[in-house]
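The structure appears below as structure tokens.
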Amino acid sequence: MSTTHSYLTDGHLRLRDQAQEFGREEIGPRVSRMEAQGTHTDRELPRLMGERGWCGVIIGAEYGGMGLDHVSKSILIAEASYASGAAGGILQASHIPTTAILYLGSEEQKRLWLPQIARGLWATIAVTEPDSGSHVLGMDGTARRRGGGWVINARKCFIGNSGIAGLHVVVVRTGKPGDPRSLSAFLVEADRAGIEVSQPDLIGMHGFTCGIVSLADVRVPDSHLLGEVGDGLAAAYTASVVCGRPNLAATALGLHRRVMDETLAFLRQRRRKTGKRHRETQQLSDHPVVKYRLGEMTSRLMAAERLAFDAVNLLDQGRACDTELVQSKLFNNQAAGETLRDASSLHGGYATRVDHPITRLLRDIQHVGAPAGPDDVQRHRLTEKALGVDRRQWSEEFLRRTYSLAAAA
Ligand SMILES: Cc1cc2nc3c(=O)[nH]c(=O)nc-3n(C[C@H](O)[C@H](O)[C@H](O)COP(=O)(O)OP(=O)(O)OC[C@H]3O[C@@H](n4cnc5c(N)ncnc54)[C@H](O)[C@@H]3O)c2cc1C
């Protein structure tokens, strides 16, 4: 089930059809094998998505990308997530470092990295550290000037696509703690000496790596500084607000739609004997209580879809929209979680079977809450908005510096 929006062009709808076909034919058949393998680095799905140019959906044609808008990006992420949470996770994580490069990269850096990403080089954004978590300014990892370059020491955790990355956008401390300009961002090739990647077991999204990237005395030249010294917080927040939040809203939306479809299919094939002599049967979906619950679920899904696309549509119109981006992620994660709880009830005992699609979706949704700011952080931002606290608009700054994006033609 998916709703219509007045701003979806024929190109958007065609892109959605193509993504759905890819999901059915290429992603779907791989899901049970990926699930059975548990936490692992899947290389096949990233290769297939990379070959289609999906890493470069918001990269301009002048850098070899598809040159499409944020609505198109959300369509691809939602459809990949519908087919497999891991596929959605892999795809969404790749656009966040791309956004940092689009925002802060010099022309030379863009010419070097964006065409490679558009052809299927996977990148990460490496911000989170074990002790500081979502308090980005509290990080300990450092970059110190040495000779004509920098030496980076940091331990980054929960880094999406860590197992397949060719490039890391690493944010570390270059100044005194507490100063908002005390962080800087660096472009670090994954094969530089001193980088180690490890992967703890994760509850869901099997095939998507989200591991630890350790950097021990990693040397990079000056040309690898992204933006200016002190732009690290802007790199992290812009990428997170403008790209991470809508990407996770789209991931949650894809999972949410899948939950709905799995539940409807389950209820339709499950029949109850009715009538005085039990000669008739009724679909479970015809039961009034079940119908009521399905109505609630449908209403929630429609609202979630509207919020996910309205927020990115504002971005495509060049309008500052931090609050809408925050709300789209919070609502989509919460709504998908509630629908999963309803779906679990409707699946009865089957919701306890590890091999049932609904339990895979329950595990996968756990991966949507924390990245790009946990729900409580989003609530905190919305409360500030309600109280009239004036905050820097990351989307406004991003839009001022980047080119405008085209709708799918
Ligand atoms: C699947 C996945 C992918 C990820 N991908 C990346 C990635 O690619 N790159 C990257 O750098 N990081 C990534 N992360 C890390 C993610 O950004 C962090 O998990 C997140 O910032 C929260 O940090 P934390 O887990 O240390 O929790 P903490 O910051 O310790 O927060 C724990 C809890 O404390 C509360 N809390 C903390 N701070 C506040 C606040 N300011 N206001 C209100 N409540 C608060 C909230 O309830 C929060 O859930 C990923 C995480 C996951 C699970």
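Run Ala372 past the list (1) assigned to a helix (DSSP H, G or I); (2) surrounded by 19 or more Cβ atoms within 10 Å (Cβ to Cβ); (3) within 16 Å of the ligand (Cβ to nearest atom) and report the number of the one that doesn't hold.
(1)
Output the residue which, of all residues in the range 139-164 that are among the charged types (D, E, K, R) and farther than 23 Å from His367 by Cα, is nearest to the chain's Cα centre (by Cα).
Asp140
Output the residues belonging to the range 1-50 that are surrounded by 15 or more Cβ atoms within 10 Å (Cβ to Cβ), out of contact with any Ser or Thr (no Cβ under 9 Å at 6 or more places or on another chain) and hydrophobic (A, V, I, L, M, F, W, C).
Those that are surrounded by 15 or more Cβ atoms within 10 Å (Cβ to Cβ), out of contact with any Ser or Thr (no Cβ under 9 Å at 6 or more places or on another chain) and hydrophobic (A, V, I, L, M, F, W, C): Leu8, Ala19, Phe22, Leu48.
Residues of the range 72-86 being away from the ligand (no atom under 14 Å from the Cβ) and either touching a Leu at 6+ places or on another chain (Cβ under 7 Å) or in the same structural domain as His206 (by TED's automatic domain parsing) (or both), which ones?
Across the range 72-86, the qualifying residues are Ser72, Ile75, Leu76, Ala78, Ala80.
Hey, which of the strands (runs of 3 or more DSSP E) in the range 204-315, taking only ones fully inside, have at least 2 residues that are within 16 Å of the ligand (Cβ to nearest atom)?
210-221
Can you name the helices (runs of 4 or more DSSP H) wholly within the range 1-99 that have at least 2 residues being within 19 Å of Arg245 (Cβ to Cβ)?
70-83
Does Leu121 satisfy the criteria of being at pLDDT 95 or above, within 20 Å of Arg401 (Cβ to Cβ), surrounded by 15 or more Cβ atoms within 10 Å (Cβ to Cβ) and away from the ligand (no atom under 15 Å from the Cβ)?
It is false that Leu121 is at pLDDT 95 or above, within 20 Å of Arg401 (Cβ to Cβ), surrounded by 15 or more Cβ atoms within 10 Å (Cβ to Cβ) and away from the ligand (no atom under 15 Å from the Cβ).
Here is a list: Ala234, Ala239, Ala216, Ala252. Which entry is closer than 22 Å to Thr359 by Cα and of a type in the set (Gly, Ala, Ser)?
From the options Ala234, Ala239, Ala216, Ala252, the qualifying one is Ala252.
Look through the range 168-200, keep the residues that are within 13 Å of the ligand (Cβ to nearest atom) and surrounded by fewer than 24 Cβ atoms within 10 Å (Cβ to Cβ), and return whichever of them is nearest to Ser106 (Cα to Cα). Lay out the reasoning, then the answer.
First, the residues of the range 168-200 that are within 13 Å of the ligand (Cβ to nearest atom): 168-172, 183, 185, 197, 199-200.
Now drop any that are not surrounded by fewer than 24 Cβ atoms within 10 Å (Cβ to Cβ), which leaves 197, 199-200.
Working: Val197: 28, Gln199: 32, Pro200: 35 Å.
Restricting to residues being within 13 Å of the ligand (Cβ to nearest atom) and surrounded by fewer than 24 Cβ atoms within 10 Å (Cβ to Cβ), the top hit is Val197.
Could you figure out which of (1) closer than 18 Å to Thr238 by Cβ; (2) in contact with a Pro (Cβ under 9 Å, 6 or more places away or on another chain) isn't true of Val172?
Every condition holds for Val172 apart from (2).
The values are calculated or read from the model by the stated rules, or taken from the named source; none is laboratory data. Bear in mind the structure is a predicted one, so any value in this text is a computation, not a measurement. Neighbour counts run over all protein chains shown; Cβ positions are idealised from the backbone, glycine included.
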